Every structure is written in C-alpha cells, then in structure tokens.
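Working notes, beginning with the structure itself.
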Amino acid sequence: MLKIRILIVLFIIQIFFLSTSLASEPVRKEVLENGITVLVKEVDENIAAIEVFVKAGVMNESKEKVGISRFLTAVLLRGTSKYNARDRNFKIESIGGVVQGDNNPDYAEYYALTTAKYFDIGLDLVSDLIQNPAFADEEIEKERKDVFLEIEKLQNKPFARLNDLFNATLFQRHPYGRPALGYRETIEKITKEDLINFYKSNYVGKNMVISIVGNINTDSVLQKVKNAFQDIPNTPPPQLNNPEEPKPLLWREDYKVYSSDTAYLFLGYLSPSIQSPDFPAMEVLQLIIGGGMNSRMWINFREKKGLAYDLGSFMSPSIGPGHMVTFIATSPGKVNEARRMILEDIKGIRDGKISNEEIEIMKTFRIGQYYINQETVKSQAFELGLYETLGVGYQYYLNYPDLIQKVTKDDIIKVANAYLTNHVMIILSPRRPNIESFRVK
C-alpha cells in the first residue's frame with residue numbers, strides 16, 4: 001500500500017510540472033461603464049468558454065421568498081423575447097455548442113461553450129438569456145411544478161436530504177441554512193411580479209462577472225462583450241444578508257428515520273470563508289481527514305476496518321461562513337463506531353497528532369488537482385470568474401498553488417483548534433442509532 005501511495009504522489013508531481021504552463025497565460029481584467037467586471041484569457045485551443053456569474057443567491061432572498069434565486073434562473077432558461085428555449089437549444093446544438101445555467105448559494109451561473117469560430121453565436125445566446133427574459137406565465141407555472149417535484153424527490157436522495165438537514169442545523173442565523181430549492185410554501189407564493197422585481201434588483205452590472213477563455217482576440221472580445229451587455233443597468237446592488245454565524249456552544253446531533261438498509265451520516269463544523277487567511281490550511285486539513293484514498297478516513301474506515309460503503313469529506317469556497325463536512329454510508333449498527341472514530345481522530349489533530357509526511361502528500365494532491373482541473377477551457381473560465389465573484393479576485397486562483405504550498409503543520413493545528421470543536425451531526429437511519437452518551441472534549 002505504501003508503494004501505491006508513493007506512485008500516486010509521483011504521478012501528481014509529474015502532472016504538476018507538466019501543467020504549470022496552463023496558468024501562465026495572462027488574464028486581462030476590465031470593468032465596463034455599467035459596472036460589469038470582464039476577465040479575458042487567450043489560450044491556444046479551438047474552444048471558447050463564456051461564463052457569466054451573477055451575485056444573486058440565498059443571501060439576496062427574504063425569508064418569505066426562499067428559493068427565488070434558483071427559481072429565477074430556471075425561468076430565464078425557459079425563454080426570452082428573442083428565443084424560446086427550443087429555438088435557443090436548436091441554434092446552439094447546430095454548431096455543437098452548449099448554453100446552460102446553474103445555481104450556487106452565492107450566485108447564479110450562465111455559460112456558453114462553443115468552438116472559437118462560433119464565439120459570436122454563444123455570446124449572443126447567453127447575453128440574450130440574461131438580458132431579455134420573457135417571464136411567460138405558462139413557463140413560470142411549468143417551472144413551479146418542476147420545483148415541487150424536485151422538492152419531493154429530495155426525500156429519496158439521502159445525501160441531498162442530509163445536506164439540507166445539516167445546513168439547517170449548522171446555520172442558525174445565516175441564510176445558508178435555507179434550502180436552495182426553497183420550501184413548497186414559499187415557492188407557491190412567489191409571483192411573476194416577485195421574479196421580475198428580484199431580477200431588476202440583482203441582475204445589475206456591479207453584481208456581474210463575465211469570464212472568457214479561448215482562442216480569441218482580447219481587444220475584439222472586450223468590445224463585443226461591451227456591446228452585447230450594454231442594456232445591463234449600472235444601479236447599486238442590494239446589500240447581502242451575510243450575518244456572522246456564531247460557533248455552536250455545544251455539539252448538535254439529530255437523526256431522521258429513513259427507509260433503507262444503510263445509515264448515512266454527516267458530521268461537520270463551521271469553517272472559514274474563502275476571504276479568510278485560514279482557508280488554505282483548512283482545505284489541506286479537510287483533505288487529510290477525508291480527501292481521497294490517502295486520507296485518514298479511507299485508510300482507517302475502509303482499509304483497516306471495512307466500516308463504510310462510501311465516505312469522504314468536502315468544503316467549498318463561499319462568501320459567507322463555510323462548512324467542512326465528513327460523510328459516511330455504513331450499516332446502521334456501525335454508526336456509533338464511525339462517529340467515535342471521526343471525533344477521536346479530529347481530537348488527535350487538535351492535539352498535534354499529525355505528521356509532516358501526510359501534510360505534504362495532501363498538499364501535493366491538492367496542487368495536482370488544481371492543474372488537472374485547468375485542462376479544459378470551460379473549467380479555466382469558471383474558476384477565474386468564480387474567485388472574482390467570491391470577492392478575492394481572480395489572482396487568488398492563479399496564486400492558489402503557492403497558498404497551499406505555504407501551509408505548515410502549525411497552521412493546520414491552529415485551524416483545527418479554531419474551528420473543529422463543537423460539531424453538528426445528522427444521521428439518516430432505518431432506526432434510532434444507539435449513540436453512546438459521551439463527548440470527546
């Protein structure tokens with residue numbers, strides 16, 4: 001097993017040196033007169049990717065309109081005054097491209113991916129989608145029914161359901177505790193006027209980042225973007241509802257009955273936002289705990305104990321307070337042991353029981369992931385735009401390998417003690433878990 005891990009590390013190091021040129025092309029940044037931030041990067045690939053980020057997520061929603069940001073994105077994709085959804089899809093597919101949208105708690109994302117030859121068509125379609133929504137009554141009602149179905153389907157998706165339950169338990173004040181899909185009762189009450197008002201308030205220049213990567217000419221593209229998005233207003237965006245989330249004074253644990261032969265467990269903590277200097281160290285720590293086959297969870301739970309069908313850990317960059325989560329799918333009778341092992345392992349890290357070797361392995365692993373992720377034009381455009389949208393600037397992404405490389409053992413012990421103390425745990429299980437009444441202090 002040691003030989004396998006050494007080979008994995010050597011492979012990642014090789015990828016690192018082979019891929020350093022991917023981040024070497026310069027990025028040009030300009031802010032248009034209407035406040036839109038535009039990033040352009042030329043690469044020698046016969047592809048062009050256009051990413052448009054709009055800071056319109058859960059922090060822009062009121063309690064009465066939970067789910068409206070995601071609802072709006074879906075409505076925009078259903079058609080504009082120029083193209084209905086079918087015509088748009090026919091036009092983009094006729095050139096082998098893609099136009100699509102997605103949502104995150106912090107933003108809405110729209111993108112076009114085409115060959116460089118058809119860049120203008122991709123730009124026309126994605127700019128039209130954002131600027132000329134039809135808000136057709138029939139399409140709004142169709143989407144409302146689709147959202148209701150998605151909410152119902154979540155009950156049969158254990159990890160998605162766990163994620164919503166975990167967030168609601170962890171985030172007592174912050175809007176991150178609300179489901180992105182919304183609640184049935186809030187979606188029922190959202191009107192066409194609500195959607196239009198939310199759109200007008202949030203789809204403004206200073207809330208937008210456009211990131212373009214491809215075989216393009218920067219000066220020409222900047223002018224085309226300026227022309228294509230000239231109707232976006234330069235009005236002040238609303239203030240984000242981004243309250244500080246207090247750290248739990250005690251751990252919080254709960255379970256829900258779930259009809260399955262498998263028990264699913266989420267155990268996690270509040271973690272730093274992307275804007276915190278603690279974020280890189282926390283990401284390395286998260287990988288050490290549950291990131292891949294060299295992580296402690298994989299080695300101890302899968303290789304040594306055979307304790308889990310599936311496991312891992314994750315954290316995502318966010319504008320507001322973050323969260324680091326470990327997850328396990330195991331048999332109902334092993335939930336207590338899994339919980340105990342995770343908490344004891346984290347306590348050991350807080351006490352300094354961590355080696356420089358495992359730190360270096362995970363730093364190399366994360367840097368390797370970074371460069372491999374840049375292999376596609378789409379991912380480069382996404383990452384550059386993402387970090388600009390999150391408020392740390394696209395340079396943060398370009399400098400990310402250096403930030404990870406600088407993480408030390410002392411940094412990891414520090415963030416472990418600062419963040420990994422009072423946990424939140426949610427379990428889905430066919431019966432009440434026999435959780436022993438002890439707390440690892």
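Brief remarks follow.
- Qualifying residue in region 363-376 (condition: among the small types (Gly, Ala, Ser) and assigned to a helix (DSSP H, G or I)): yes
- Residue count for region 241-259, restricted to those that are surrounded by fewer than 16 Cβ atoms within 10 Å (Cβ to Cβ) and either more than 21 Å from Arg173 (Cα to Cα) or among the aliphatic types (A, V, I, L, M) (or both): 5
- Scanning region 371-391 for residues that are surrounded by 19 or more Cβ atoms within 10 Å (Cβ to Cβ) and either under 20 Å from Met293 (Cα atoms) or outside the structural domain of Lys304 (by TED's automatic domain parsing) (or both) yields a count of 1.
- Among (1) closer than 28 Å to Thr114 by Cβ; (2) part of a helix (DSSP H, G or I) - the single one Asp345 does not satisfy: (1)
- Test: residue in region 211-224 that is closer than 19 Å to Ala56 by Cα, within 22 Å of the chain's Cα centre (by Cα) and touching a residue at least 40 places away in the same chain (Cβ under 8 Å): yes
- Residue in region 244-251 that is of a type in the set (A, V, I, L, M) and farther than 30 Å from Ile354 by Cβ present: no
- Residue under evaluation Ala329, criteria (1) part of a strand (DSSP E or B); (2) at pLDDT 95 or above; (3) of a type in the set (Gly, Ala, Ser), criterion not met: (2)
- Yes/no for Glu344 being at negative phi, in the same structural domain as Leu403 (by TED's automatic domain parsing) and in contact with a helix residue (DSSP H, G or I) (Cβ under 8 Å, 6 or more places away or on another chain): no
- Residues of region 263-316 satisfying the condition of being buried (at least 17 other Cβ atoms within 10 Å of the Cβ), among the β-branched types (Val, Ile, Thr) and not in a loop (DSSP other than H, G, I, E, B): Val284, Ile288, Ile289
- Residue within region 399-419 that is modelled with pLDDT of 95 or more, under 18 Å from the mean Cα position of the chain (by Cα) and hydroxyl-bearing (Ser, Thr, Tyr) present: yes
- Any hit, region 70-77, residues being closer than 14 Å to Ala180 by Cα, among the charged types (D, E, K, R) and not in a strand (DSSP E or B): yes
- Tally, over region 203-246, of residues that are among the hydroxyl-bearing types (Ser, Thr, Tyr) and under 18 Å from Gly391 (Cβ atoms): 1
The values are calculated or read from the model by the stated rules, or taken from the named source; none is laboratory data. From a predicted model like this one, the values you see are computed outputs, not experimental measurements. Cβ coordinates were reconstructed from backbone atoms using ideal geometry, including for glycine residues, and neighbour counts include every protein chain displayed.
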